[in-house]
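See below for the structure under consideration.
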Amino acid sequence: MTVVGPFGVSVRDQALEADVQTGLAAVEAGLLDATKSDVPFITEAAQHLVRAGGKRFRPLLVMLASQFGDPYAPGVVPAAVVVELTHLATLYHDDVMDEAEVRRGVDSANARWGNSVAVLTGDFLFARASHILADLGPEAVRIQAEAFERLVTGQILETAGPRDGRDPVAHYLDVLGGKTGSLVAVSCRFGAMTSGADESVVDILTQYGERLGVAFQLADDVLDIASDSHESGKVPGTDLREGIPTLPVLLLRAQAEAHGRPDDLALVELLDGDLADDARLSEALRRLRAHPALEQARRDTVRYAQEARATLTPLPEGYAKSALIELCDAVVHRAG
């Protein structure tokens, strides 16, 4: 059994393993090629996060989805490069919005070169993704444009917050569907579509990706509170300290508003205070870890992962389907 991709997902077939590893290596080369510029400084900035590494979660999904058609079709690797370039571009922009100082274990682009360079580098990556996308045909361009619109809409909705009278939890799940689910869904869709898979298979894998993407982000929400290690790729409590709304906190606030229990109200007050102080942050984490809201967030994560898994039922049995199922199980394990 050989381990590939994020979360230690295993591939139990040598041919599939070879296809996935070869494909991901080609994607890595494609990313470096796509981020080259005649201007050395642009190359340095554009390759900053490429060379920092990452899970390559979206390219992995492209490779696995392509197994339901012809995984050697010429559009598969370029499609994987497109989705990863798009994802990387959003990270440059997100770090500016969040005033982040570190990304993937290195200085964020905005910390290193300033906000203007970071934003423009993200734009450069979007441009390079569009250039590659044009060779995949007008349908691929339309799909990417729709996904990008959803992604930006999700980001705007997150920034604006829920409108008056809207359930903050429902609003947050809509945000995640746009910010995360949309591009993960496109990864699966492009992999199936560029490989020539049947339209019914393309639709199934698109639905799978949408649900898996939301589950993936919800697992990160749980890990930010529950993890004692760096399982999530960042120090536990990072989102709390930065005031970023996550599902466990939103569930806590909903319970505090609905029932007015003194302990819940006191915890909300603690979260609304200054969590730059390590002692206050540790206390907030300790109390949240013992609160029912965290377990509810875990259950919601499991539900989305199970829905993703259930969408795969009509697909033919095989190693590719097994690997996609294992991704669902891995997301649940992260949140456990």
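Scan the range 128-162 for residues that are over 18 Å from T35 (Cα atoms), open to solvent by 50 Å² or more (accessible area, probe 1.4 Å) and part of a helix (DSSP H, G or I) and the total you get is 16.
Contact map, the range 201-223: first residue without any contact (Cβ under 8 Å) to a residue 12 or more places away in the chain, second residue open to solvent by less than 20 Å² (accessible area, probe 1.4 Å) and part of a helix (DSSP H, G or I), Cβ cut-off under 9 Å, separation 6 or more or different chains; pairs are D203/A192. Checked against (1) modelled with pLDDT of 90 or more; (2) surrounded by 16 or more Cβ atoms within 10 Å (Cβ to Cβ); (3) in a helix (DSSP H, G or I), P71 passes all but a single condition, namely (3). Take the conditions more than 20 Å from T180 (Cβ to Cβ) and out of contact with any strand residue (DSSP E or B) (no Cβ under 6 Å at 6 or more places or on another chain) and apply them to P248. Does it pass? No, not satisfied. Screening the candidates L125, L120, L85 for the property of being in a helix (DSSP H, G or I), farther than 24 Å from A323 by Cβ and under 19 Å from the mean Cα position of the chain (by Cα) yields one hit, L125. The residue of the range 1-37 that is farthest from L125 (Cα to Cα), among those that are at pLDDT 95 or above and among the charged types (D, E, K, R), is E28.
Just the residues that are of a type in the set (D, E, K, R), farther than 30 Å from A185 by Cα and either open to solvent by 30 Å² or more (accessible area, probe 1.4 Å) or touching a residue at least 60 places away in the same chain (Cβ under 8 Å) (or both), please, taken from the range 260-299. Within the range 260-299, R261, D263, E269, D272, D274, D277, D278, R280, E283, R286, R287, R289 qualify. If I ask for residues that are assigned to a helix (DSSP H, G or I) and more than 20 Å from the chain's Cα centre (by Cα), which ones from the range 92-117 would you list? Passing the criteria: N110, A111, R112, W113, N115, S116, V117.
Looking across the range 84-106 at every residue that is of a type in the set (V, I, T) and over 16 Å from T121 (Cα atoms), the one that is least open to solvent (accessible area, probe 1.4 Å) is identified as V106. The residues of the range 47-63 that are in a helix (DSSP H, G or I), hydrophobic (A, V, I, L, M, F, W, C) and out of contact with any Leu (no Cβ under 6 Å at 6 or more places or on another chain), listed by number, are F57, L60, L61, V62, M63. Just to be sure, is V302 among the β-branched types (V, I, T), closer than 30 Å to V201 by Cβ and surrounded by 12 or more Cβ atoms within 10 Å (Cβ to Cβ)? In short, yes.
Please determine, by comparing only the residues of the range 22-36 that are open to solvent by 30 Å² or more (accessible area, probe 1.4 Å) and among the small types (G, A, S), which one is nearest to L85 (Cα to Cα). Applying the filter and picking the extreme gives A29. The helices (runs of 4 or more DSSP H) found wholly in the range 167-250 and carrying at least 2 residues that are of a type in the set (A, V, I, L, M) and open to solvent by 20 Å² or more (accessible area, probe 1.4 Å) occupy 168-176, 199-226.
The values are calculated or read from the model by the stated rules, or taken from the named source; none is laboratory data. Since the model is a prediction, treat every value here as computed from it, not as a measurement. Note that each Cβ is placed from the backbone with ideal geometry, even for glycine, and that neighbours are counted across all protein chains shown. We work out accessible area using only protein heavy atoms, side chains counted, and drop any ligands, DNA or RNA first. Shrake-Rupley method; radii C 1.70, N 1.55, O 1.52, S 1.80 Å.
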